[in-house]
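Each value in this text was obtained by applying a stated rule to the coordinates, not by laboratory testing. A quick note: this is a predicted structure, and the numbers were derived from the prediction, not measured. Every residue, glycine among them, receives a Cβ derived from its backbone with ideal geometry; neighbour counts consider all protein chains shown.
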Amino acid sequence: MHTIQAILSSCPHQVSACHKAKALDIDQALHAGVPFTALGGKRVRCREGLLRFKLGSDWRLLYQLVATGYVPCALVSRQCFERELKRRRVIKAYNLQSQEKQA
């Protein structure tokens, strides 16, 4: 299980102190029971169970919804956000069927 401190310390990019503080505040508020929507979080439509929080204009903090609450997943730049979504995207059943017909 990842912690917010592990994600912030393992981030290869230089993240400013104000963005780190905001990430820690979001994590503490989620553990205190504050709804993610009140913190500015949004559900990621193409990936069920994934939430995103904006940390300024350059960073996105991703959380995963699990049975016990929220688990931090990654801190990614705005540019890498879409690539991260594509990596985590679930392949839909009708796409698999159409690929089988072509083969």
Starting from the amide H of Trp59, placed 1.01 Å from N in the peptide plane, find each other amide H under 5 Å away whose residue is 5 or more places distant or on another chain. Arg78
Separation of the Cys80 and Gln14 label points, Cα + 7 Å toward Cβ, nm: 1.6 nm
Amide H within-cut-off set for Leu50, under 5 Å, with H built and near neighbours excluded: Val44, Leu65
